[in-house]
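Report on the structure given below.
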Amino acid sequence: MSIIDSRSALTMDNGHVKALIGSQIDLARSSFVIPHTGIPKNPARFYLSTQGRLTAALVILNLETFNVLRNLDLSVSFAQDRANVQVVIETRLGQNFLPDQWMWYSSPEVRNVKSDLLIPNRTITASTLQVLADVNSLVVRGPVELCDIDGVVSFLRSLEDGAKGTARIKVVTSIGPTSLDAFNINLPLGMVMDQAAAQLSIDLSSPNMPKFHSPSDLFGTRFLLPGLGWSKARDVVAALTIAGHLGEKPPINELSITAPSLQITTDDW
């Protein structure tokens, strides 16, 4: 550890912490800073710069004070590979300051991520994801590949007291034969052709059977209902909503289509 300024800061040249799961985390370049000296109960900041396995980083971020996975039925091993994590902890020096009085925020970058648990029964991979976490919330964003479909994912959850059941996932992706097949949504063969932009929202308040909702304007797809003698051209805007629960064979609770000369709503497809 080296001293930057005898009145204000110490920086760690090298060092590590051993996580209970996921091997050790490198703490080199972490520092302890006292911005103002000579006053009672000085404010102080810890700048933790860590590098290591993502699982090990999540173990640290799930300890008391941080608790980023509290009330969420996911293990610290829900995603794998590497993470660079920067955490800033603000406190005051002196007695009787408890960890729950600390302020903290973190901005990890995770690389080469793979998760089979974040969306049950589906694999997510990503080259890089950005994470923002503080005492109030956890947000993960970035481009992903979901079941061989490209998209941009946002994972959001509150970390405040009473926040159980607030985890949500939003994916900006496309809808078409490939994506419908990937999620085992078995619409009649040839009903949807080509691709349209879509949003997939997943409610993780019940992790064992998460709910999903996916709207699309179907622009760019050709939509056919031969039994009704109806079709939609690629350049016509319509509205498709699919909702249900994720699982090995997702039950579809709602399928609705609104388009020129057509309005259909079905339950329990």
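The table for this structure:
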{"read-out": "Single match in Ile202, Ile175, Ile252 (criterion: out of contact with any Phe, Trp or Tyr (no Cβ under 9 Å at 6 or more places or on another chain), hydrophobic (A, V, I, L, M, F, W, C), touching a residue at least 60 places away in the same chain (Cβ under 8 Å) and surrounded by 15 or more Cβ atoms within 10 Å (Cβ to Cβ))", "value": "Ile175"}
{"read-out": "Single residue of Ile242, Ile202, Ile185 found to be aliphatic (A, V, I, L, M), within 19 Å of Thr123 (Cβ to Cβ) and not in a loop (DSSP other than H, G, I, E, B)", "value": "Ile202"}
{"read-out": "Selection within segment 148-179 - hydroxyl-bearing (Ser, Thr, Tyr) and at pLDDT 85 or above", "value": "Ser154, Thr173, Ser174"}
{"read-out": "Meets criteria (out of contact with any strand residue (DSSP E or B) (no Cβ under 8 Å at 6 or more places or on another chain) and at positive phi) for Gly142", "value": "no"}
{"read-out": "From Ala239, Ala233, residue being modelled with pLDDT of 90 or more, among the aliphatic types (A, V, I, L, M) and within 29 Å of the chain's Cα centre (by Cα)", "value": "Ala239"}
{"read-out": "Segment 36-95 - residue that is surrounded by fewer than 14 Cβ atoms within 10 Å (Cβ to Cβ) and among the hydrophobic types (A, V, I, L, M, F, W, C) and, of those, modelled with the highest pLDDT", "value": "Leu93"}
{"read-out": "Per-region count, segment 96-115, residues aliphatic (A, V, I, L, M), modelled with pLDDT of 75 or more and either surrounded by 14 or more Cβ atoms within 10 Å (Cβ to Cβ) or more than 17 Å from Ser137 (Cα to Cα) (or both)", "value": "2"}
{"read-out": "Filter pass, Gly162 being more than 19 Å from Asn253 (Cα to Cα) and without any contact (Cβ under 8 Å) to a residue 12 or more places away in the chain", "value": "yes"}
{"read-out": "Yes/no for Ser154 being of a type in the set (S, T, N, Q) and outside any loop (DSSP other than H, G, I, E, B)", "value": "yes"}
{"read-out": "Check on Thr173, polar (S, T, N, Q), closer than 20 Å to Ala126 by Cα and part of a strand (DSSP E or B)", "value": "yes"}
{"read-out": "Pick from segment 116-147, criterion acidic (Asp, Glu) and assigned to a strand (DSSP E or B), ranking: modelled with the highest pLDDT", "value": "Glu145"}
{"read-out": "Close pairs (7 angstrom Cβ cut-off, 6 or more residues apart or separate chains): under 14 Å from Gln199 (Cβ atoms) in segment 142-153, aromatic (Phe, Trp, Tyr) anywhere", "value": "none"}
{"read-out": "Of all residues in segment 205-228 being modelled with pLDDT under 85 and in a loop (DSSP other than H, G, I, E, B), the one that is nearest to Asp150 (Cα to Cα)", "value": "Pro210"}
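The values are calculated or read from the model by the stated rules, or taken from the named source; none is laboratory data. As the structure is a computational prediction, the values presented were derived from the model and not from experiment. Cβ: placed from backbone, ideal geometry, glycine included. Neighbour counts: every protein chain shown.
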